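Scroll down for the structure; my scribbles are underneath it.
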Amino acid sequence: MSDNFVREHQTHYESGSAGTSPFPVHVYKHKDAEFRVVVCQVPGPLCHLAVCVPTLCADHKGKPHTLEHMVFCGSEKYPYLGYIDAVASHNLGQPMNASTYPDMTIYKFAGLGQEGAANVLPVVLDHVMHPLIQDNHFATE
C-alpha cells in the first residue's frame, strides 16, 4: 500500500455458510483525504478491492452518479477512456465497476492475487482522486 495510507483496521470475515473459512479484511485510511480502501482477501485466485468514497449531496439530482461515470473517462495521469479495465485485464483481473448510494460511491475491482491487485490499485486511486473532467464528458452523461 502507498505511503499515503495507514492501516486502520484488520479483521476476519466469517460468512456463516457451512464449509467456508473466514478470510482477512484490511481497512486502509488515506492520510489526507481520509477515505478508506477495504481489501478483502477472499479464497480463490482473485484479490477483490473496494474503494468507498463519501458522496453526500445537498440535492438528489444525480451529481454523485455523474461523477462516478466520469471517473471511468480517465485521470490526470492516465487520460485514456478504458485504461483501468486494460490494466485490470493485463493483471488477469476483472473490469472495475461502481455503485452510487445516497451517502457514498463504491468502486470495486479485482486482480489476480495480491500482486495483480496491487498493480491495479494505483491506477484506480488516480482515477478516483484525480478524475479527468472535461466538458465533452458531461454531454455523454
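The values are calculated or read from the model by the stated rules, or taken from the named source; none is laboratory data. Being a predicted model, the structure only gives us computed values, none of them experimental. When we count neighbours, we look across all protein chains shown, and the Cβ atoms used for this are built from the backbone with ideal geometry, even at glycine. Keep in mind that these areas ignore ligands, DNA and RNA; they rest on the heavy atoms of the full protein, side chains included. Shrake-Rupley method; radii C 1.70, N 1.55, O 1.52, S 1.80 Å.
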>> I need the shape label for segment 25-93. Rule: rounded when a/c is under 1.5, else prolate if a/b > b/c, else oblate, with a, b, c from the alpha carbon gyration tensor.
In response: oblate
> Here are some values of percent of Cα pairs over 20 Å apart: [x] 70; [y] 40; [z] 50. Which one was computed from this structure?
Replying inline: [z]
> What relative contact order, as a whole-number percentage, does the chain give when Cα pairs under 8 Å and 6 or more residues apart are counted?
Replying inline: 21
> Any idea which of GLN114, TYR78, ASN91 is furthest toward the positive side of the dipole for the chain, if Lys and Arg beta-carbons carry +1 and Asp and Glu beta-carbons -1?
Replying inline: GLN114
>> Suppose R0 equals 41 Å. What FRET efficiency, 1/(1 + (r/R0)^6) with r the Cβ-Cβ distance, do PHE23 and ALA58 give to the nearest 0.05?
In response: 0.60
> How far is it, in nm, from the label point at SER15 to the one at ASP3 when both lie 7 Å from their Cα along the line to the Cβ?
Replying inline: 3.9
> With every protein chain left in place, what is the accessible area of THR20 in Å² (1.4 Å probe, nearest 10)?
Replying inline: 80
> How would you order 81-89, 57-65 from highest to lowest mean count of nearby Cβ atoms within 10 Å?
Replying inline: 81-89, 57-65
> Rounded to a whole number, what % of the accessible area of the chain do carbon and sulfur atoms account for, probe 1.4 Å?
Replying inline: 54
>> Accessible area per residue for the chain in Å², computed with a 1.4 Å probe and the full protein assembly in place, what is it?
In response: 60
> Dipole size in debye (nearest 20) for segment 1-100 around its Cα centre, Lys and Arg Cβ +1, Asp and Glu Cβ -1?
Replying inline: 40
